[in-house]
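Just passing along the structure, written as structure tokens.
Derivation of every value follows stated rules applied to the coordinates shown; laboratory data play no part. Not measured: the values here are computed from a predicted model. Here the Cβ is made from the backbone with ideal geometry for all residues, glycine too, and neighbour counts use every protein chain on show.
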Amino acid sequence: MLTWVALVVVVLMLVSAVAVLVLESFVAAVAATSVVGLGLSVLYVMLQAPDVALTEAAVGAGLSGVILALALRRLGLWYLEEGDRGAAHPLVPTSRSAGQEGDNRA
Amino acid sequence: MRNLASLLFAGGLAFLLLALGAQLAFGDPAMRVGAEYLHVAGPELGAANLVTAILAGYRGFDTLGELSILFAAATAAGLVLGHRRADAPRDPPGGLILRAGADLLFPLLVVVGIYIVVHGHLTPGGGFQGGVVLAAAFFVAVLADPSRTLDHAAISWIEGLAGAGFILIGIWALVEDGHFLAPLLGTGTMGQLVSAGTLPLLSVAIGLKVGAELAGLMAHLSDTEARDQ
Amino acid sequence: MNVLHAVIDLETLVYVGAIGLVAIGGLGLVLSNHLFRMLLALGMAESGANLLLILTGYRGDATAPIIGYGPVGAPMVDPLPQVLVLTAIVIGVGVQAMAVSMLVRVYRAYGTLDIRELRKRMELEVSAAAGIPVPTSEEAPAGERPLPPVPAYRRGHRHVGPGES
Amino acid sequence: MNHLVLPVVLPLLAAFLMQPLARVSRLAARVLGPVVLALCALIILRLWLNYGGAPFVVAIGGFAPPLGIVLYADHLALIFALAVPLFTLLFWPGLGDRSSDPGHGARRDALVLLLAAAGTGLALSGDLFNIYVFYELAAVASFGLASLSGTSRALVATLRYLLLSAFGSVLSLVGIAILYMETGTLNLADLARVAPHTLEGPLGLAAFALMVIGFGVKAELFPLNAWVPEVYATAPARVSALLAGLVSKLAALVVLRLLVLVFHQPEASQLLLALGVLTVLTGELAAWRARDFPRMIAFSSIGQLGIVFIAFSIDGDIGLLAGIAVALHHLVAKSALFGLSVRWNGSLEALAGAARTAPLAAGLYVLLALSLIGVPPLPGFWAKILVLVGLVQGGSALELLALIAILLVTAIEASYLFRVAVRLYQRGKSPPPGHAPWDLGVAMALGAVLLAATLGISPVADSLRSVARQAGDAGLYVDTVFPKTVARKD
């Protein structure tokens, strides 16, 4: 039974890890890192490391997500989809910001 | 070209490590030092939670280094971000639900954080975990209403004194016992709140230090001028 | 349950997960050009290393290393890797927060987080500060897009930190 | 003897209290750092004089070695433990600071103290994970210091440095995990006892490779050293002097300990040799192409560290002796050069005519350049010739290749270092300003050390030989950490 749970968690974790790299939206990518953190803390519980699980849950799924989300707001990357981009940059013409923040599309 | 090389590199690394893993006997560790810890740590330090016993006892020096790393990170972040301008715009406050929730959550998180810190030698948890929860408590309050800021002077006093406290306990042991960070005050009865000698004191210092550093880091970050009103 | 056990056990599963995280993180670091994405990738590589370290202390039939947690006399897992990982996790979050604060400053100065673009600008600035004439042929071949200027509103809001002239 | 822990702990204490103190008294905060470092240097000097000959061990917390963390002090460790506070004092980044912001100064001083504590810890620690922690501390402190100027280009350089360094840390953590899985211990002496029958196979080699690449980030070793020129070109010159002179040597010391104590297989040495050759070639070729002074000496320092690693890979005491000699020589000479770059921070063309405004500095530059190239009576020559002799004695194909590489880069070195020397004595329209008295004084003092070593080359060589013999003796290390040979469980 435990192994099944572990299998699901590991697969979920790796899928989210790939998602962090390929998701266009940075908000979604940060959310995916939090999913990785949660998966890790479940695995830590299974590996009999409650202390580490507690820390990973607090840090990996919580604190680090908050820090990254805060950074996204400061960086003006807080948008969910392409169309939202203009709203996040009230002062910048959309075409220019699209040219500058090229990530994987460049 | 670069992408191909990188793909090859990462693939090669993964393959190498997976191939090596086939030779590692997972699930059956060598337990050379580990087994000794399991035998000795309980009686020697009087802490039920062996992880805390090692963290603040046997490897307390590592923990000191690690507190210093957090401190260095917070200091460097402060150096990089500098002072905020007085007229800089702030984030708008969160909605009613968020603010009410934060007001409710704040005392709860503080109590939980303190509980985790002071019970570190008995149950899972300890200075790090409790410190993180404490930092989160203060940060939730700021996040809900950014006009309430954390007092940087107070944070710098707490982090300074908590770190100094850890080292001074260590130096006290150096004077008293001849060894830096040696356990003092006896072991007490295992399982009681007041037991395990100086371990809980060190835990409290760790908790305050970690909490103050992380809260300071986030306060610096949230204090920089908001642009997207 | 038994079907799965016959194929793979918990340790191998976790091992694959850990190495997968390290590899995906490393891949993200070298493939992505966006500094924020690289930071996320770095965090995942760190998590993978931590998971691997925890795995080195795991024993199949053992309980958590807390006296009174399991039945008396039951074997416990190796507590040392857990201590190391606790340390590593906290180091990781500290470094991440510091990197994020640097990102914010860099973005404010240059208006981009594309590492290639940033390096180009940095090279130009370093050369200019050292008084080296920039070879024009290398900088802007005909038909290539010149470096975008810093948007006006950012210049106005440029944060002047201590020591910056 | 147990006071050995103080030089690590006191700077930490001072760093923690720096910011609150600055709120109370700015003057006290400004002098706190130098005073504490001077105190640390005194403590180490006293310990060294009192416990002259044999190495000794300090168990932290009084916990017996494999369980607790130990500090191990032999001559080599003490040399570096002494060099850390001394060089940090000489290149104190806060010197002559006129910033109006007290918080800025206090933060900078705190970071310098953290770097010093981490350096001393790296030199002394006898526990693998403790070394990792101090290495990370040195890394994080140097991130803050590298971006000290606050310019955007410095931040970009620092971010690249951070990403490379953090990835290196991940690799070394994976290496530590493999090592722990195989041996079940982290104490270096304990590892030395069990390594011969647990780490011989490819697993041990992989662990070594991961750790060398990881710890090699700071030692400017080949795969992950792309940060070096950018950071040294954008960081304050005194910080560059500390990072290039001191911190890189401490990382090299860690690799040396790993090689001597834990990884004995010939493949490990060959790997290090190959990485060293690549480091030398890439570094010196880039230095030849560099067009500004800070980046030229930064690349040249990559080359010199490559030679250090080539030397470490040679079997036997001569390799260690050569490596330590090159490392110490580079520590002195390159720190002095970075000291000169405080004012000579522009392009090479801009240096024309500097000999007229700064005749002493120009003369010193020529001396340092001659020693770095390895012109006969100077210490650099003896260090280099030791490496060459060691390589010839080794005699394998790879070692001969390394020999050719070193001879080749010596010619390259001579060409670019002399190019600058000639420019210094040319007639220039706007020569750079002369140096501040303190910077010039420090550089002159380091130059004087080189000259003194030239005059007394045979006693220096003798004492270095004993240092190397002690550092290369794994049995001595184990016996010092585990005195009465506790019943072996393996």
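At 222 nm, what value in deg cm²/dmol follows for the protein assembly as shown if DSSP H runs of at least 4 each add -39500 (n - 2.57) and the sum is divided by all its residues, to the nearest 500?
When only DSSP H runs of four or more count, the value is -23000 deg cm²/dmol.
Could I ask something else about it? Using alpha-carbon pairs under 8 Å, 6+ residues apart, how would you state the relative contact order of region B:49-223 in percent? Walk me through the numbers before you get to the answer.
Working: 242 pairs, mean separation 54.9, N = 175.
Answer for region B:49-223 is 31 percent.
From the phi of every residue in region D:357-372, what ³J(HN,Hα) in whole Hz does the Karplus formula 6.51 cos²θ - 1.76 cosθ + 1.60 yield, where θ is phi - 60° and glycine or proline is x?
Residue by residue, region D:357-372 yields 7, 9, x, 5, 4, 5, x, 4, 4, 4, 4, 5, 4, 4, 5, 5 Hz.
Related question: Report, by chain and number, residues whose modeled amide H sits under 5 Å from the one on D:Asp292, excluding near sequence neighbours (fewer than 5 apart, same chain).
D:Leu348
For a 31 Å ceiling on Cα separation, which of these pairs sit above it: B:Lys209/D:Lys334; C:Lys120/D:Lys334; B:Lys209/D:Lys218?
Beyond 31 Å between Cα atoms: B:Lys209/D:Lys334.
Could you tell me which of C:Pro65, B:Leu201, C:Gly28 has its Cα farthest along the dipole of the protein assembly as shown towards the positive end, charges placed at Cβ (Lys, Arg +1; Asp, Glu -1), taken about the Cα centre?
Positive-end residue among those listed: C:Gly28.
Given Cα pairs under 8 Å that are at least 6 residues apart, what percent is the relative contact order of region A:20-69?
That works out to 40 percent.
Quick one: what are the phi-derived ³J(HN,Hα) couplings along region D:10-24, Karplus 6.51/-1.76/1.60 with θ = phi - 60°, whole Hz, x for glycine and proline?
Each residue of region D:10-24 in turn: 4, x, 5, 4, 4, 5, 4, 8, 4, 5, x, 5, 5, 6, 8 Hz.
Now, a different point. What per residue convex hull volume, in Å³, comes out for region D:390-467 when only alpha-carbon positions are used?
Numbers: hull volume 12.0 nm³, N = 78.
Measuring per residue, one finds 154 Å³ for the Cα hull of region D:390-467.
When Rg is the radius of gyration of the Cα atoms in region A:20-69 and Rh is its Kirkwood radius, what does Rg/Rh come to? Write out the running numbers ahead of the final one.
Details: Rg = 11.5 Å, Rh = 10.9 Å.
Value, to two decimals: 1.05.
Once a ≥ b ≥ c are taken as the square roots of the eigenvalues of the Cα gyration tensor of region B:49-223, is the result rounded (a/c under 1.5), prolate (a/b larger than b/c) or oblate (a/b not larger than b/c)? Walk me through the numbers on the way to the answer.
Details: a/c = 3.26, a/b = 1.68, b/c = 1.94.
Since a/c reaches 1.5 but b/c is at least a/b, the shape of region B:49-223 is classed as oblate.
Over all Cα pairs of chain D, how is the pair count split among 20 Å bins, expressed in % and running from 0 up to the last occupied bin?
Reading the bins upward from 0: 25, 59, 16, 0.
If you place +1 on the Cβ of every Lys and Arg and -1 on the Cβ of every Asp and Glu, how big does the dipole about the Cα centre of region B:49-223 come out, in debye to the nearest 20?
Numbers: 7 positive and 12 negative charges, 41 e Å.
Rounded to the nearest 20 debye, it is 200 debye.
Go through A:Leu47, D:Leu401, D:Ala206 and say which Cα lies farthest out towards the positive end of the charge dipole of the protein assembly as shown; charges sit on Cβ, +1 for Lys and Arg, -1 for Asp and Glu.
D:Leu401
For region D:1-135, calculate the relative contact order in percent as a whole number, restricting contacts to Cα pairs under 8 Å that are 6 or more residues apart. Each step should come with its number before you reach the end.
Working: 177 pairs, mean separation 46.4, N = 135.
About 34 percent, as a whole number.
In whole Hz, what ³J(HN,Hα) sequence does region D:268-277 give by Karplus (6.51, -1.76, 1.60; θ = phi - 60°), x for Gly and Pro?
For region D:268-277, the Karplus curve yields 4, 5, 5, 4, 5, 4, 5, 4, x, 4 Hz.
Ranked by Cβ crowding within 10 angstrom, fewest neighbours first, how are A:Ser25, D:Ser165 ordered?
Values: A:Ser25 18, D:Ser165 23.
By the 10 Å Cβ count, ascending: A:Ser25, D:Ser165.
Just checking the output field for D:340-351: average partner chain Cβ neighbours within 10 Å of each residue's Cβ? Intermediate values should be presented prior to the final figure.
Numbers: counts 0, 0, 0, 0, 0, 3, 4, 6, 3, 4, 3, 0.
Taking all residues of D:340-351 together, the mean is 2.
Right, here's the next one. If amide hydrogens are placed 1.01 Å from N in the peptide plane, which non-local residues have theirs closer than 5 Å to the one on B:Asn49?
Those lying under 5 Å, H to H, from B:Asn49 are B:Leu122, C:Ile67.
Debye sum, Cα scatterers, region D:266-455, no solvent: what log₁₀ I/I(0) at q = 0.09, 0.12, 0.17, 0.18 1/Å?
Log10 I(q)/I(0), no solvent term: -0.32, -0.56, -1.01, -1.11.
On to the next question. If you take the alpha carbon radius of gyration of the protein assembly as shown and divide it by 2.2 N^0.38 Å, what ratio comes out, to two decimals?
Values: Rg = 27.0 Å, N = 990, 2.2 N^0.38 = 30.3 Å.
Against the empirical 2.2 N^0.38 Å value, I get 0.89 for the protein assembly as shown.
Let me ask something additional. Count charges around C:Val83 for me, please; just the other residues with Cβ under 13 Å from its Cβ, Lys/Arg as +1, Asp/Glu as -1.
Working: positive: B:Arg59; negative: A:Asp51, B:Asp62, B:Glu66, C:Asp78, D:Asp127.
Taking every Cβ under 13 Å from that of C:Val83, the sum is -4.
If you take the charge dipole of region D:266-455 about its Cα centre, with +1 on Lys and Arg Cβ and -1 on Asp and Glu Cβ, which of D:Phe338, D:Ala274, D:Ala311 is farthest toward its positive end?
Going by the charge dipole, the pick is D:Phe338.
Still on this structure: Please order D:Ser300, B:Ser222 by the number of other Cβ within 10 Å, starting at the fewest.
Details: D:Ser300 28, B:Ser222 23.
Ascending Cβ contact count within 10 Å gives the list B:Ser222, D:Ser300.
To continue, here is another question. Out of residues 5 or more away from B:Asp145 or on other chains, whose amide H comes under 5 Å of its own, with H placed 1.01 Å from N in the peptide plane?
Those lying under 5 Å, H to H, from B:Asp145 are B:Gly94.
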